[in-house]
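First up is the structure itself, then whatever we jot down about it.
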Amino acid sequence: MNNLKLVSRFQVLRNARRILKNPLPFHHENFELHGDSFKVELSTKEKILFTRSPGLIKHILQKQHRKYQKSPLQTVDLA
C-alpha cells in the first residue's frame, strides 16, 4: 500500500472549507484522479486511507483487521 497516490495536506487545507461543508465531492474527485485507493495526508505523521476496492476493504476489515488502526468513529460511533 506504499505505492498509493498521496493527497497532500496542503491540498486538504486549500479545500478545507469545501470538505467541511460536504466532503463527498472532494473524495469523488480524488477517486477519479487516483483510482480505487489513495491516501490523504493530514499531518507529517497522520495519513488516512480511502478505498472503494472490495478486495482491499475485505482485507482491512476482515482478513487482517488487527494490523490496521481504526478511529473511534469506525469502532464506537458507527457500531
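Just so you know, all these numbers are worked out from the coordinates, no wet-lab data involved. Predicted model only: the values in this text are computed from it and were never measured. Cβ coordinates were reconstructed from backbone atoms using ideal geometry, including for glycine residues, and neighbour counts include every protein chain displayed.
Can you say whether V76 is among the β-branched types (V, I, T) and not in a helix (DSSP H, G or I), as far as the supplied structure shows?
no
Please go through the range 3-22 and give me each residue that is over 13 Å from S43 (Cβ atoms) and part of a helix (DSSP H, G or I), ordered by number.
Within the range 3-22, Q11, R14, A16, R17, R18, I19, L20, K21 qualify.
Kindly evaluate H27 against the criterion of being more than 11 Å from the chain's Cα centre (by Cα) and either part of a helix (DSSP H, G or I) or touching a residue at least 60 places away in the same chain (Cβ under 8 Å) (or both).
For H27, the condition - more than 11 Å from the chain's Cα centre (by Cα) and either part of a helix (DSSP H, G or I) or touching a residue at least 60 places away in the same chain (Cβ under 8 Å) (or both) - is not met.
List every residue pair whose Cβ atoms lie under 6 Å apart, where the two residues are 6 or more positions apart in sequence or sit on different chains, the first residue falls within the range 47-66 and is charged (D, E, K, R), and the second residue, located anywhere, is part of a strand (DSSP E or B) and surrounded by 13 or more Cβ atoms within 10 Å (Cβ to Cβ).
If the second residue must be part of a strand (DSSP E or B) and surrounded by 13 or more Cβ atoms within 10 Å (Cβ to Cβ), the pairs left are K47/K39; K47/E41.
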